[in-house]
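Q: Quick one: this structure, given as structure tokens, is what I'll be asking you about.
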Amino acid sequence: MSVSLPPFPKPQEPTGEPVLLELGSSDDEPCLRADAARNRARLLEAATRLIEEHGAAGVTMEAVAVAASVGKGTVFRRFGDRTGLLTALLDHSAKQLQAALLSGPPPLGPGAPPVERLRAFGQAVLRQAADHLELQMAAQPEAARRYSIPPTRFLSGHVTLLLRQAVPDADCALLAQALMGYLDPALIHHLTEECGMPMERLEAGWVDLVARVTRTELPE
């Protein structure tokens with residue numbers, strides 16, 4: 001015999017649209033000196049070449065320093081560590097996605113019903129993963145920081161907001177984490193590279209999952 005659950009507590013988190021978060025270091029600020037900006041661009045170009053030639057595994061702080069003809073200390077000062085360097089390489093596409101979510105055309109941006117925006121969100125993240133999966137895998141922080149870094153907090157906050165609009169009676173903060181698990185780069189890598197699933201199947205699975213979570217019909 002089932003027992004009815006107590007009502008979910010009202011969320012205490014801010015309910016507005018998530019604020020655009022800076023993903024890179026403070027070196028991205030407009031006031032960065034011109035010579036420092038050029039050095040940063042040269043380091044990122046060198047890292048990009050290494051990825052093209054050797055994959056993400058070939059990107060080490062030492063290798064980037066050699067490729068850019070600078071001292072290793074310069075690379076560490078600019079990016080902190082290897083994760084910081086790889087995150088900087090992903091920064092541009094991540095900021096493009098954030099901007100599209102906040103101010104782009106619907107259904108990814110504002111103006112569409114929340115369920116449509118949820119569908120578009122997952123499909124956009126999956127397509128981004130298809131373009132940068134190896135780099136995303138290499139840039140993942142250690143497990144203790146994986147859910148607290150700014151990009152992840154922004155995306156989970158966006159999903160939470162849409163869920164509150166679509167299923168206000170649910171524990172949307174926890175439900176958002178469950179949905180974000182579907183979009184984890186390690187899972188996407190496992191399903192596409194090790195299980196051989198096409199990305200189209202993952203996109204269709206996301207649409208089905210959103211329909212089940214929000215108790216809505218599948219789009220025709």
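The values are calculated or read from the model by the stated rules, or taken from the named source; none is laboratory data. Quick caveat: nothing in here was measured; it's all calculated off a predicted structure. Neighbour counts run over all protein chains shown; Cβ positions are idealised from the backbone, glycine included. With ligands, DNA and RNA removed, areas are computed over all heavy atoms of the protein, side chains included. Shrake-Rupley method; radii C 1.70, N 1.55, O 1.52, S 1.80 Å.
Q: Please determine whether any residue of the range 123-141 is free of Cβ contacts under 8 Å to residues at least 24 places away in the same chain and small (Gly, Ala, Ser). Please lay out each step first, then the result.
A: Pass one, the range 123-141, residues free of Cβ contacts under 8 Å to residues at least 24 places away in the same chain: none.
Within the range 123-141 (the criterion being free of Cβ contacts under 8 Å to residues at least 24 places away in the same chain and small (Gly, Ala, Ser)), the answer is no, since none of the residues qualifies.
Q: Same structure again: Which of the residues belonging to the range 102-119 are buried (at least 20 other Cβ atoms within 10 Å of the Cβ) and touching a Pro at 6+ places or on another chain (Cβ under 8 Å)?
A: Passing the criteria: 117, 119.
Q: Among the residues of the range 38-65, what is the count of those that are open to solvent by less than 40 Å² (accessible area, probe 1.4 Å), assigned to a helix (DSSP H, G or I) and in contact (Cβ under 8 Å) with a residue 24 or more places away in the chain?
A: Matching residues across the range 38-65 total 6.
Q: Would a scan of the range 66-86 turn up a residue that is touching a residue at least 60 places away in the same chain (Cβ under 8 Å), surrounded by 14 or more Cβ atoms within 10 Å (Cβ to Cβ) and in contact with a helix residue (DSSP H, G or I) (Cβ under 9 Å, 6 or more places away or on another chain)? So that I can check it myself, show each step before the final result.
A: If we filter the range 66-86 for residues that are touching a residue at least 60 places away in the same chain (Cβ under 8 Å), which is where we start, we get none.
Scanning the range 66-86, I find no residue that is touching a residue at least 60 places away in the same chain (Cβ under 8 Å), surrounded by 14 or more Cβ atoms within 10 Å (Cβ to Cβ) and in contact with a helix residue (DSSP H, G or I) (Cβ under 9 Å, 6 or more places away or on another chain), so the answer is no.
Q: I've got another one for you. Can you tell me which residues in the range 90-102 are farther than 16 Å from residue 157 by Cβ and polar (S, T, N, Q)? Give the steps one after another, and end with the answer.
A: First pass over the range 90-102, keeping only residues farther than 16 Å from residue 157 by Cβ: 90-93, 96.
Passing the criteria: 93, 96.
Q: Looking at 164, 153, which is the one that is open to solvent by 70 Å² or more (accessible area, probe 1.4 Å) and among the charged types (D, E, K, R)? Give the derivation first.
A: On the way: 164 fails: open to solvent by 70 Å² or more (accessible area, probe 1.4 Å).
Step by step, each of 164, 153 is checked, and only 153 is open to solvent by 70 Å² or more (accessible area, probe 1.4 Å) and among the charged types (D, E, K, R).
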